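Peer 1: One structure, pasted below without further comment.
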Amino acid sequence: MQKASFFRIAMRTGAWMVLAFLLLPMLVVVPVSLTDHSYISLPGQGLSLAHYVNYFTNPRWLEATWQSVVIGVAVSALATLLGTAFAVGCWFLSDFWATVARWVLITPLLVPPVVQALGFYRFWVQLGLIDTLGGVILAHTLLALPYVTISVFAALANLDRRIPQAARSLGASVWTTVISVVVPAARPGMLAGALFAFIVSFDEIVAVLFLTVRNVQTLPKMIWQGIQDNIDPTIAAVATVLTLLTASIMVVVSLRRRN
Amino acid sequence: MTAPSSPSVLSIRKAVKRYGTVQALGGIELDIGEGEFLTLLGPSGSGKTTLLTAIAGFTGLDEGRLVLRGKDITDLPPDRRDFGMVFQGYALFPTMNVRNNIAFPLKVRKWKPADIQARVEECLALVQMEGFADRMPSQLSGGQQQRVALARALSFRPSVLLLDEPLSALDKKLRADLQWELKDLHRKLGVTFIYVTHDQDEALSMSDRIVILKDGLVQQIGEPGALYNAPRTTFVADFLGKSNFLDVEVEGFAGGRARCRAGGESFEVATEAPPAGGRGRVALRPERIRLAPPKGAAFEGAIRQTSYLGERCHVILDHPGFGQILVSCPTWKSGVVPEDGLPVSFDWDADACVFLEDA
Ligand SMILES: Nc1ncnc2c1ncn2[C@@H]1O[C@H](COP(=O)(O)OP(=O)(O)O)[C@@H](O)[C@H]1O
Ligand SMILES: [Mg+2]
């Protein structure tokens, strides 16, 4: 009894410490973003929204945000399309080679990002894609594909294999069967995958640093450069805005799932 | 009576299907008559589903042909065969409501919306599901889902309906009700039904003809009564109902009766021709055996065990020569009141025994 309760206290303390460790950096960013100094610091005399004003009025920050959104949306659409096609195809075949193909597609998750970025760099130079929007979109699509396929696989895992057979026996061609029966069943996985793909692209920096020079300026890259060149607290304001945005999306999604 | 009584709709010629070393279909020959209710009956793994999915076009045959009204359909894809199919587990489209499920085959056939609407209503009425058109499949009970699956498979007026153990997931009472409904539907529509089941009662009660399968081979084909009363092999006699088996020596044959000896007793078996070689095996249905008080009938034995089933009582008898004999007697008019250990006598009519071919 004594031992058990000691164990429980230790476990609880540990769990809270891990949670604090995860959350504290986020909570430090918020006061910094409200500092009244022009350098990264905690607020001195009072609070100021100047850095938020700067973010929302500075054309360079806005341009970078816009570019990140455009890339993210394009990646999300492309990766969802390709990933769904791949997952549906594998689900239909469901033989040895389909299993192999699944694993091959998922392996990029195991490769260190730097190695991947280096690989992209070598090829993109040859393809003339360095410092182009298309180059970044393509690289991010490849990075996001495994996430989409995994979530579509999960959505299709409970789909009865006799359902497409039923569609065929009722007179539907393979194509009609996929569009009207399999894709609707995959839809929850596709939505989750699209969201994942957007997030993967939106906060990706390693590949962007390798593949772009001046033409393409994404939000993570701006933040990164902001820390290096000057010590502008606008970075903290941007980080806070992004955190709030993410948190509110999570809340909306989980509320909708409740209903 | 192994041929269909009406002209053949579908002919299966030497159908062979192998999975690795397993022979799922071992050269099936079968003719299915127009408007017939044909049941494929066999234990699990006997190749019933394989045969049905081969007919539907989901399983490619390694050898053999399928001929539909004189046209070879062996290489047609499933969507061009125009067979309705009801799947084990229903296979309703989970993202569509009942109406859209039933309308699906009509939409892919590009029917006019007004015709589709009318036909959906007609089909819902056919399976007594009016008022459920806007429900999702997940909001229906098993029996209701089965009815929708049936309506969907019939909506485009296929000439042949394939059913793979459609009632196996339902409870006993509902299953009995739906058996009546299916039979009624078959009679009303005149569609050919090819019905797969492993349930012998279902097969006996619904079919025009039954095909008994084992290890991918046809064991026997016939009308339910013919199969039940004249099984040709030990397997059929044992699978379709219960049987006692006696290995007999034939001592003589006269006037359609074979004089047989088994277990130190002798009795007569009605037959047109006794097996050559003077030895054979007979099957004897438990309900054909009469129980009587000691000395009341030909053979003396004792009751080993009884099992009361409501309208019937199953009795296992010990006989010094035959060994154990299963008897099934109606509880309301049994010659004796069965009781464990009770000495009894028993006998049967000459036409109760049937010679088997695989002695
Ligand atoms: N896709 C498959 N792969 C390998 N073996 C199979 C496959 N489908 C069926 N079989 C084998 O073929 C035989 C017949 O199966 P099936 O037609 O499903 O029998 P039933 O429907 O009568 O239970 C079984 O031995 C089964 O294991
Ligand atoms: Mg089966």
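Peer 1: Which one of B:85, B:206, B:129 has the biggest mean-square fluctuation once chain B is modelled by GNM with Cα springs under 10 Å?
Peer 2: Looking only at B:85, B:206, B:129, the largest GNM fluctuation is found for B:129.
Peer 1: Taking the 0 to 90 degree range and rounding to the nearest ten, how far is the long axis of helix B:98-108 tilted relative to the main principal axis of chain B, both from C-alpha atoms?
Peer 2: The helix B:98-108 is inclined about 70 degrees to chain B.
Peer 1: On to the next question. Using only Cα positions of segment A:66-200, each an equal point scatterer, no hydration layer, compute I(q)/I(0) via Debye at q = 0.14, 0.21 Å⁻¹ and quote the log10 values to two decimals.
Peer 2: Log10 of I(q)/I(0), two decimals: -0.68, -1.20.
Peer 1: Please report, in cubic angstrom per residue, the volume enclosed by the convex hull of the alpha-carbon atoms of segment A:134-259.
Peer 2: Per-residue hull volume (Cα only) is 124 Å³.
Peer 1: Okay, moving on. Only helical DSSP H runs with n ≥ 4 go in: add -39500 (n - 2.57) per run for the protein assembly as shown, normalise by residue count and round the 222 nm mean residue ellipticity to 500 deg cm²/dmol.
Peer 2: -15000 deg cm²/dmol
Peer 1: Could you please report the charge total around residue B:319, scoring K, R as +1 and D, E as -1 over all other residues with beta-carbon less than 13 angstrom from its beta-carbon?
Peer 2: Neighbour charge sum, excluding residue B:319 itself: -3.
Peer 1: Running a GNM on chain A with Cα contacts under 10 Å, which residue among A:13, A:141, A:65 ends up with the highest mean-square fluctuation?
Peer 2: Among A:13, A:141, A:65, the largest GNM mean-square fluctuation belongs to A:13.
Peer 1: So, one more: Nothing charged except the Cβ atoms of Lys and Arg (+1) and of Asp and Glu (-1): what's the magnitude of the dipole of segment B:139-223 about its Cα centre? Round to the nearest 20 debye.
Peer 2: 340 debye
Peer 1: Give me A:204, B:339 sorted ascending by neighbouring Cβ count inside 10 Å, so fewest comes first.
Peer 2: Least crowded to most crowded, the residues run B:339, A:204.
Peer 1: While we're on this one: Please report, largest first and rounded to whole Å, the three semi-axes of the ellipsoid equivalent to segment B:262-359, where each semi-axis is the square root of five times an eigenvalue of the C-alpha gyration tensor.
Peer 2: 25, 14, 12
Peer 1: Further question: Using the Cα centre of chain B as origin and beta-carbon charges of +1 (Lys, Arg) and -1 (Asp, Glu), tell me which of B:346, B:22, B:91 is placed farthest towards the positive end of the dipole.
Peer 2: So the residue furthest toward the plus end is B:91.
Peer 1: Hey, what do the phi angles of segment B:163-173 turn into as Karplus ³J(HN,Hα) couplings, whole Hz, using 6.51/-1.76/1.60 and θ = phi - 60°, x for Gly and Pro?
Peer 2: After applying 6.51 cos²θ - 1.76 cosθ + 1.60, I find 10, 9, 6, x, 9, 5, 8, 9, 6, 4, 5 Hz.
Peer 1: Quick one: divide the alpha-carbon radius of gyration of the protein assembly as shown by 2.2 N^0.38 Å and tell me what you get.
Peer 2: The protein assembly as shown yields a ratio of 1.45.
Peer 1: With a cut-off of 8 Å between alpha carbons and a minimum separation of six or more residues, what is the relative contact order of chain B in percent?
Peer 2: 16 percent
Peer 1: Using a simple spin-label model with points 7 Å from Cα along the Cα→Cβ vector, what separation in nm is obtained for residue B:288 and residue A:115?
Peer 2: Rounded to a tenth, the inter-label distance reads 7.6 nm.
Peer 1: What residue among A:202, A:210, A:96 shows peak mean-square fluctuation when chain A is described by a Gaussian network model with Cα springs under 10 Å?
Peer 2: A:96
Peer 1: Rg and Dmax in Å for segment A:20-90, alpha carbons only: what are they?
Peer 2: Just the Cα atoms of segment A:20-90 yield Rg and Dmax of 19.3, 62 Å.
Peer 1: Could you estimate the translational diffusion coefficient of segment B:1-156 from the Stokes-Einstein equation, with Rh from the Kirkwood formula over C-alpha pairs, at 25 °C and 0.890 mPa s, in whole µm²/s? List each step's numbers first, then the result.
Peer 2: Working: Rh = 17.3 Å.
The estimated diffusion coefficient comes to 142 µm²/s.
Peer 1: What residues of segment B:27-67 lie in the reach of a label at residue B:3, counting those whose backbone N is under 19 Å from a point 7 Å from the Cα along Cα→Cβ?
Peer 2: From segment B:27-67, the list is B:29-38, B:67.
Peer 1: What trypsin sites (Lys or Arg not before Pro) in segment B:247-300 are in a loop by DSSP, with at most 10 other Cβ atoms within 10 Å of the Cβ?
Peer 2: B:295
Peer 1: Can I ask one more? Mind listing the long-range amide H neighbours of residue B:344? Cut-off is under 5 Å, sequence gap 5 or more, other chains count too, H placed in the peptide plane at 1.01 Å from N.
Peer 2: Excluding prolines and chain starts, which carry no amide H, the hits are B:301, B:302, B:303.
Peer 1: Here's something else I'd like to know. What is the fewest-to-most order of A:249, A:71, B:325 by other Cβ atoms lying within 10 Å of their Cβ?
Peer 2: Ordered by Cβ neighbours within 10 Å, fewest first: A:249, B:325, A:71.
Peer 1: Can you pick out the pairs among B:183/B:333; B:107/B:188; B:48/B:173; B:172/B:242 whose Cα atoms lie more than 22 Å from each other?
Peer 2: B:183/B:333; B:107/B:188; B:48/B:173
Peer 1: Dipole of segment B:8-238, Cα-centred, from +1 at each Lys and Arg C-beta and -1 at each Asp and Glu C-beta, to the nearest 20 debye?
Peer 2: For this selection, approximately 600 debye.
Peer 1: Let me ask something else about it. Would you please give the residues with an amide H less than 5 Å from that of residue B:24, counting only those at least 5 places away or on a separate chain, with H modeled from the backbone geometry?
Peer 2: Amide H neighbours of residue B:24, under 5 Å, 5+ apart: B:17, B:18, B:19.
Peer 1: Moving on. For residue B:64, what is the net charge nearby, where nearby means another residue's Cβ is under 13 Å from its Cβ and Lys, Arg count +1, Asp, Glu -1?
Peer 2: With Lys, Arg at +1 and Asp, Glu at -1, the neighbours total 0.
Peer 1: Where Lys and Arg each count +1 and Asp and Glu each count -1, what net charge lies around residue A:151 among other residues with Cβ under 14 Å from its Cβ? Each step should come with its number before you reach the end.
Peer 2: On the way: positive: A:102, A:187; negative: none.
So the environment of residue A:151 carries a net charge of +2.
Peer 1: By how many degrees, 0 to 90 and rounded to 10, does the Cα axis of helix A:59-93 deviate from the longest principal axis of chain A?
Peer 2: Tilt relative to chain A: about 20 degrees.
Peer 1: Now for a separate question. In whole angstrom, how long is each semi-axis of the equivalent ellipsoid of chain B, when you take the square root of 5 times every eigenvalue of its Cα gyration tensor and sort them from largest down? Write out the running numbers ahead of the final one.
Peer 2: On the way: eigenvalues 422, 126, 48 Å².
One finds semi-axes of 46, 25, 16 Å for chain B.
Peer 1: If you count, for every residue in B:77-83, the Cβ atoms of partner chains within 10 Å of its Cβ, what is the mean? Mind dumping the intermediate values first?
Peer 2: On the way: counts 3, 10, 10, 3, 3, 3, 3.
So the per-residue partner count for this stretch is 5.
Peer 1: Now for a different question. How many nm separate the modelled label positions at residue B:44 and residue B:184, each set 7 Å beyond the Cα in the direction of the Cβ?
Peer 2: Label-label distance for residue B:44 and residue B:184, simple model: 3.3 nm.
Peer 1: Return the long-range amide H neighbours of residue B:214 (sequence gap of 5 or more, or a different chain), with a cut-off of under 5 Å between placed amide H atoms.
Peer 2: B:219
Peer 1: Of A:238, A:178, A:151, whose Cα points farthest to the positive end of the dipole of segment A:116-259 (charges on the beta-carbon: +1 Lys, Arg; -1 Asp, Glu; origin at the Cα centre)?
Peer 2: A:178
Peer 1: Could I ask something else about it? For segment B:315-327, what does the Karplus curve 6.51 cos²θ - 1.76 cosθ + 1.60, with θ = phi - 60°, yield as ³J(HN,Hα) per residue in whole Hz, taken in order and with x for Gly and Pro?
Peer 2: 10, 9, 9, 9, 10, x, x, 6, x, 8, 10, 8, 10
Peer 1: Can you find, among A:140, A:191, A:23, the residue farthest towards the positive end of the dipole of chain A? Put +1 on the C-beta of Lys and Arg, -1 on that of Asp and Glu.
Peer 2: A:191
Peer 1: Using Cα-Cα distances under 8 Å and only pairs 6 or more residues apart, what relative contact order does chain A have, in percent?
Peer 2: With pairs under 8 Å counted, the relative contact order is 30 percent.
Peer 1: How many percent of the alpha carbon pairs in chain A exceed a separation of 28 Å?
Peer 2: 51 percent
Peer 1: Would you mind working out the magnitude of the charge dipole of segment A:61-234 relative to its Cα centre, with +1 at each Lys and Arg C-beta and -1 at each Asp and Glu C-beta, to the nearest 20 Debye? Each step should come with its number before you reach the end.
Peer 2: On the way: 8 positive and 8 negative charges, 131 e Å.
The dipole of segment A:61-234 has a size of about 640 debye.
Peer 1: Taking other Cβ within 10 Å of each residue's Cβ, how do B:165, B:36, B:251, B:287 sort, fewest first? All intermediate terms of the calculation are to be shown ahead of the outcome.
Peer 2: Details: B:165 19, B:36 23, B:251 12, B:287 16.
Ascending number of Cβ neighbours within 10 Å: B:251, B:287, B:165, B:36.
Peer 1: So what are the ³J(HN,Hα) numbers for segment B:45-50, from phi and the Karplus equation (6.51, -1.76, 1.60; θ = phi - 60°), rounded to whole Hz, Gly and Pro as x?
Peer 2: Per-residue couplings from phi come out as x, 7, x, 4, 5, 4 Hz.
Taken together, the values in this text are just the output of simple stated rules run on the coordinates, not laboratory data. Nothing here was measured: the structure is a model prediction, and the numbers come from that model. All Cβ positions, even for glycine, are placed from backbone atoms using ideal geometry, and neighbour counts span all protein chains on display.
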